[in-house]
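**Q** Below: one structure in structure tokens.
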């Protein structure tokens with residue numbers, strides 16, 4: 001194969017702008033309760049005031065955005081998202097105080113994990129990008 005990449009591998013040596021990254025997910029009892037997608041949805045709801053608008057912003061279907069919001073409310077002891085019924089005055093959605101606190105905690109966790117693992121991520125990124133040097 002061109003550049004020494006094997007099937008299923010991406011030859012990132014030719015893409016120096018790519019860096020190793022860390023993707024977190026918080027699971028409780030094996031159930032995913034928070035991850036990048038859920039955090040992005042919470043942030044978009046806070047910014048747009050609407051679950052459907054937040055979903056559109058993130059490229060999610062209306063159904064997917066509502067399902068994620070319902071899932072978030074179900075897995076936490078108190079709801080994270082408050083949705084008002086639509087109608088003449090319109091609907092809307094907002095984060096509850098717990099929703100704001102959970103999103104803030106998630107952002108702190110992301111920053112802490114990135115800082116704690118920075119050297120290891122750099123090493124792994126360099127090690128992966130040098131894979132093409134073997135051929």
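**Q** Kirkwood Rh over alpha-carbon pairs of region 33-120, then Stokes-Einstein at 20 °C and 1.002 mPa s: what D in µm² s⁻¹, rounded to an integer?
**A** 159
**Q** Further question: Return the distance in nm (one decimal) between the two label points of a simple spin-label model at residue 113 and residue 64, each offset 7 Å from Cα along Cα→Cβ.
**A** Reported label-point gap for residue 113 and residue 64 is 2.0 nm.
**Q** Would you mind calculating the gained length between residue 75 and residue 100 on full extension (0.36 nm times residue separation, minus the Cα-Cα distance), in nm to one decimal?
**A** The span from residue 75 to residue 100 would gain 7.4 nm if fully extended.
**Q** How far, in nm, would the chain grow between residue 82 and residue 122 when pulled straight, counting 0.36 nm per residue and subtracting the alpha carbon separation?
**A** Gain on extension, residue 82 to residue 122, equals 10.4 nm.
A short reminder: the numbers here are calculations on the coordinates, not readings from a lab. Just so it is clear, the structure is predicted and the values come from calculations on it, not from any experiment. Note that we place each Cβ from the backbone using ideal geometry, even for glycine, and neighbour counts take in every protein chain shown.
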